[in-house]
Amino acid sequence: MSQTKKDNTEDKILEAAKTVFIKKGMDGSRMQEIADEAGINKALLHYYFRTKQKLFEAIFSRVFKQIFPDLTTFIRSELPIEKKLETFIEKYITLLMKNPFLPAFILKEIHRDPTFLAAVIKKNGINPTEVFAMLNNEMEAGRIRKMDPRELLMNILALSIFPVAARPLVQIMLFDNNKKEYTDFLERRKQTVKEFIFNSILIK
């Protein structure tokens, strides 16, 4: 099998798995359904991915690393805290906009198996202790006000995730179901969230 054909088949499988996972969640999805959605036989699906868990890991890893190729290096870099937070917020909201299925799916999986999900997230370089260490260093240096770093992380995640996770309701209630106006709002929200976070933590 050529590398190009292998890559194309893998792409088809991952897209099919996303479609099935969104509809039915991890528990409700079947490997046969994913194979049918991808237009391949089940044996070929198992050749690429032995389990649904492996499929989810591959999807999460591919999606996240498109935005954050090496998050740990970024966190440990010498960039100013404003630039780090600005970049993270912009890229994170972009990630959610491009993959609107993620919030609802992940929230469902949090209740199904939080231990598995936490392991997948950490495996992809998202380690809260690294973020907390960075923020504590900034506090000690007097560049941001002292706080529980978990509060800041929760604020960033909540402000970024909710408008996407609640899209069906938000789009209808606040934008008269106008998809373009809603999308434009999310684009502007990158700046709104940055300003909100900066105003709450920066020492001027």
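Say R0 is 22 Å: what FRET efficiency, to the nearest 0.05, do Asn137 and Thr87 get from their beta-carbon distance?
Working: r = 18 Å, r/R0 = 0.80.
Computed FRET efficiency for Asn137 and Thr87 comes out at 0.80.
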* To do: Calculate how steeply helix 179-201 sits against the longest principal axis of the alpha-carbon atoms of the chain, using the helix alpha-carbon long axis, and give the answer as 0 to 90 degrees to the nearest 10.
  => 40 degrees
* To do: Could you please state, rounded to a whole Å, how far the C-alpha centre of region 111-132 is from the C-alpha centre of region 15-73?
  => 18 Å
* Can you give the helix-only mean residue ellipticity at 222 nm for the chain, where every DSSP H stretch with n ≥ 4 adds -39500 (n - 2.57) and the sum goes over all residues, rounded to the nearest 500 deg cm²/dmol? -> -26000 deg cm²/dmol
* Mind putting a number on the dipole of the chain about its Cα centre? Charges go on the C-beta only, +1 for Lys and Arg and -1 for Asp and Glu, and I need it in Debye to the nearest 20. => 280 debye
* Expressed as a rounded percentage, what relative contact order does region 54-158 have, with Cα pairs under 8 Å and six or more residues apart? -> 34 percent
* Which FRET efficiency value, to the nearest 0.05, do you get for Asn8 and Asn41 by plugging their Cβ-Cβ distance into 1/(1 + (r/R0)^6) with R0 = 22 Å? -> 0.90
* Asked: With a sphere of radius 10 Å drawn around the Cβ of Ile197, what net charge do the other residues whose Cβ falls strictly inside it have (Lys, Arg +1; Asp, Glu -1)?
  -> -2
* Asked: When all protein chains stay in place, what accessible area (Å², nearest 10, 1.4 Å probe) is found for Asp113?
  -> 50 Å²
* Structure fact -> Rounded to the nearest 10 Å², the 1.4 Å probe accessible area of Thr9 is 20 Å²
* Cα-projected label distance for Leu174 with Gln53, points at 7 Å along beta-carbon direction, nm -> 3.8 nm
* To do: Please report Rg over Rh for the chain, where both radii come from the alpha carbon positions and Rh follows the Kirkwood definition.
  => 1.02
* ³J(HN,Hα) across region 17-32 via Karplus (A = 6.51, B = -1.76, C = 1.60, θ = phi - 60°), whole Hz, x for Gly/Pro? -> 5, 4, 4, 6, 4, 4, 6, 10, x, 5, 5, x, 7, 10, 4, 5
* To do: Kindly provide the Kirkwood hydrodynamic radius of region 46-118 in Å, to one decimal, from all pairs of distinct alpha carbon atoms.
  => 14.1 Å
* Starting from the Cα of Lys122, draw a straight line to each of the lysines and keep only those under 19 Å, dropping any in the same chain fewer than 8 residues away. => Lys52, Lys54, Lys65, Lys91, Lys108
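The values are calculated or read from the model by the stated rules, or taken from the named source; none is laboratory data. Small disclaimer: the values here were computed from a predicted structure and weren't measured. FYI the Cβ positions are ideal-geometry reconstructions off the backbone, even for glycines, and counts take in every protein chain you see. Ligands, DNA and RNA are stripped out before the accessible areas are found, and what is left, the full protein with its side chains, is counted by its heavy atoms. Shrake-Rupley method; radii C 1.70, N 1.55, O 1.52, S 1.80 Å.
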